[in-house]
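Enquirer: Can you keep this structure in mind? I'll have questions shortly.
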Amino acid sequence: MRFTSLAVELIRARPVLVFWLAALLPALIWLVLPLALYASPPGEVGQVLAIGHEYRLGSDLGPPLAFWLADLAYRLAGMAGVYLLAQVCFVVMLWAMFALGRLMVGAQQAVLATLLTVTITAFSFPGVEFGPAILARPLWALVLLHFWQAVGEGRRAAWFALSFEIGLLLLTTASAAWLVGLMLAFALATSRGRRALASLDPLFALFVVATLLTPHLVWLAREAGGLLPPLPGAADLADNLRRWPRLAGGLMLTMAGIVLLALFNSGRLALKGEAATDEAPIILRPPLDPFARRYVFYFTLAPPLAASLIAAALGQERVIAGAGMLLAPIGLAVVIAAGAVIHLHRQRMLRAIWIGIIAVPALFVVAVSLLQPWTSDTEVKTMLPAAQIGGFFGDSFERRTGQPLTAVAGDPALAVLVALAAPSRPHLVLDAAPERSPWLTPEDFTRTGGIVVWRAADTAGAVPDDIRRRFPMLTPEVPRAFERMVQGRQPLLRIGWAIVRPAAAAAFDATGSTR
């Protein structure tokens, strides 16, 4: 007797509903978890917000769009707005790939592709760390959708959307340049692509892209000397390329969920008592355009290969652009490779595996946040009380000087928290690497005043030697101790600090003391 689960029936009858369930469930999980568990921003989010607060046309971390959007979301809704923005990116990416799948393989198999793609983003978590890599995911997915409509289907209207998306992608990540190069190579190598490029629409798209990029390109022309990574020599290049198997292996590891689902759905893995293949429910697709097959396979294989090779050649430790963006079409590629008829074996097991893949990263974050402080001396960075830290130092500076806190320097990890959570949103000064915070140089900092913070080893709070060399006139205050959100067995977080008084206030004090 053939058994068909409710999930399979929903895929057949209501594929759009299944898509939204599959997209919104992980997004809801990763929106609620950081709001409930994180007392300070994860990863580099704090630095992204500090850079975005300056509204510059670029930084050493890349083009400006992601930083601007992060700061705007933070101004509107605090960290909840930043976490929500990250999940909106996740859902939009899935929607774009689902829309592309519907055009090629129909809604039913497009849902299967979406379910597989979700496992990729689960293994490349955390998606809550909003930044250029997260924003690039939906933009690249939208580019793939509208590039197919423009080149594969000949829709002239798609060039309009495509031009804006390419421009925004180039304003998001430096990796977009070679991604656009891969797109151009594909178009030139195919007859449909050459025919599409021969029209006037690509010229209009180029004009829109150039208009969007002009301010950033002007800024980049002034700053390029300090931003371009050093090119390796011939000997270094050979050594660096030895990293490629490890980088490629990391990308393959993020596909572990897809491999696991494909293995348990294989008809060759027959277990005792299971139904025959011809009794398993099937998901059909309409006839597939051979050009669509080439399109999907090309953009599934070429970007990860190019990214891993470039990262290895430059000696980087991680693949540029991130697995979440590079592997966005992998679910659709697997579905296309599976054939026009896909049999669904072991439906209950497949459902349990998929739910487990989604749940395990979330449970891991919960365990790390709540259990690690009790079982390890390793600090959980998201447990640092950013609101209390920023509020204390902002209030202390204002009470001492009569002015709002305008800048913070010292230990970068602590300074980021003060810059983020102090009521006046002070400037972040990276005094150890002043070229990374050009909006306020150390000389400007000594004139405008601010607070210098560091980790104190004891109640004396002596200034560390490296900070003392950069700020020789510091007079340390009594360190301030803070409890983490989950303190566990760890000692209190002690922060040493000193005030650099504004030049005007210091001059006034000197005059008053002379009198």
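The values are calculated or read from the model by the stated rules, or taken from the named source; none is laboratory data. Since the model is a prediction, treat every value here as computed from it, not as a measurement. Ideal geometry is used to build each Cβ from the backbone, glycine not excepted, and the neighbour counts take in all protein chains shown.
Enquirer: Among the candidates GLN347, GLN372, single out the residue that is under 20 Å from GLU9 (Cα atoms), surrounded by 17 or more Cβ atoms within 10 Å (Cβ to Cβ), among the polar types (S, T, N, Q) and more than 21 Å from the chain's Cα centre (by Cα). Talk me through it step by step, then tell me what you get.
Expert: Working: GLN372 fails: under 20 Å from GLU9 (Cα atoms).
Exactly one of GLN347, GLN372 is under 20 Å from GLU9 (Cα atoms), surrounded by 17 or more Cβ atoms within 10 Å (Cβ to Cβ), among the polar types (S, T, N, Q) and more than 21 Å from the chain's Cα centre (by Cα), namely GLN347.
Enquirer: Quick one: which of ALA362, ALA311, ALA352 is assigned to a helix (DSSP H, G or I), free of Cβ contacts under 8 Å to residues at least 12 places away in the same chain and under 29 Å from TRP30 (Cα atoms)?
Expert: Just a single option satisfies the conditions, and that option is ALA352.
Enquirer: Select, from GLY391, GLY331, the only residue that is under 16 Å from LEU493 (Cβ atoms) and touching a residue at least 12 places away in the same chain (Cβ under 8 Å). Break it down into steps so the answer makes sense when it comes.
Expert: Working: GLY331 fails: under 16 Å from LEU493 (Cβ atoms).
The match here is GLY391.
Enquirer: If the Cβ limit is 6 Å and pairs must be 6+ apart or interchain, which residue in the stretch 35-47 that is within 15 Å of VAL368 (Cα to Cα) pairs with which residue that is surrounded by fewer than 19 Cβ atoms within 10 Å (Cβ to Cβ) and charged (D, E, K, R)?
Expert: PRO42/GLU129; GLY43/GLU129
Enquirer: So, in the stretch 327-344, how many residues would count as being touching a Pro at 6+ places or on another chain (Cβ under 8 Å) and surrounded by 19 or more Cβ atoms within 10 Å (Cβ to Cβ)?
Expert: Residues in the stretch 327-344 being touching a Pro at 6+ places or on another chain (Cβ under 8 Å) and surrounded by 19 or more Cβ atoms within 10 Å (Cβ to Cβ): 1 in total.
Enquirer: State all residues of the stretch 48-70 that are more than 15 Å from the chain's Cα centre (by Cα), surrounded by fewer than 24 Cβ atoms within 10 Å (Cβ to Cβ) and either touching a residue at least 60 places away in the same chain (Cβ under 8 Å) or at negative phi (or both); if no residue qualifies, say none.
Expert: Residues satisfying the conditions are HIS53, GLU54, ARG56, LEU57, GLY58, SER59, ASP60.
Enquirer: Return the only residue of LEU85, LEU142 being among the aliphatic types (A, V, I, L, M), closer than 29 Å to ALA221 by Cβ and without any contact (Cβ under 8 Å) to a residue 60 or more places away in the chain. Full working, then the answer.
Expert: Numbers: LEU85 fails: closer than 29 Å to ALA221 by Cβ.
Result of the check over LEU85, LEU142: LEU142.
Results for (1) over 18 Å from SER396 (Cβ atoms); (2) of a type in the set (S, T, N, Q); (3) touching a residue at least 24 places away in the same chain (Cβ under 8 Å), shown as yes or no for each residue.
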site: ALA419; (1), (2), (3): no, no, yes
site: HIS427; (1), (2), (3): no, no, yes
site: ARG436; (1), (2), (3): yes, no, yes
site: GLY450; (1), (2), (3): no, no, yes
site: ALA460; (1), (2), (3): yes, no, no
site: GLY496; (1), (2), (3): no, no, yes
site: VAL500; (1), (2), (3): no, no, yes
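Enquirer: Can I ask one more? Taking the options ALA198, ALA133, name whichever one is in contact with a helix residue (DSSP H, G or I) (Cβ under 8 Å, 6 or more places away or on another chain), assigned by TED's automatic domain parsing to the domain that holds GLN47 and either surrounded by 15 or more Cβ atoms within 10 Å (Cβ to Cβ) or on the phi < 0 side of the Ramachandran plot (or both).
Expert: ALA133
Enquirer: I've got another one for you. With at positive phi and either out of contact with any strand residue (DSSP E or B) (no Cβ under 6 Å at 6 or more places or on another chain) or not in a helix (DSSP H, G or I) (or both) as the only criterion, which of ALA321, ALA367, ALA337 stands out?
Expert: Among ALA321, ALA367, ALA337, only ALA321 is at positive phi and either out of contact with any strand residue (DSSP E or B) (no Cβ under 6 Å at 6 or more places or on another chain) or not in a helix (DSSP H, G or I) (or both).
Enquirer: Determine which member of the set ALA185, ALA161, ALA80, ALA96 is within 26 Å of ILE358 (Cβ to Cβ), among the aliphatic types (A, V, I, L, M) and surrounded by fewer than 21 Cβ atoms within 10 Å (Cβ to Cβ).
Expert: After applying the criteria, what remains is ALA80.
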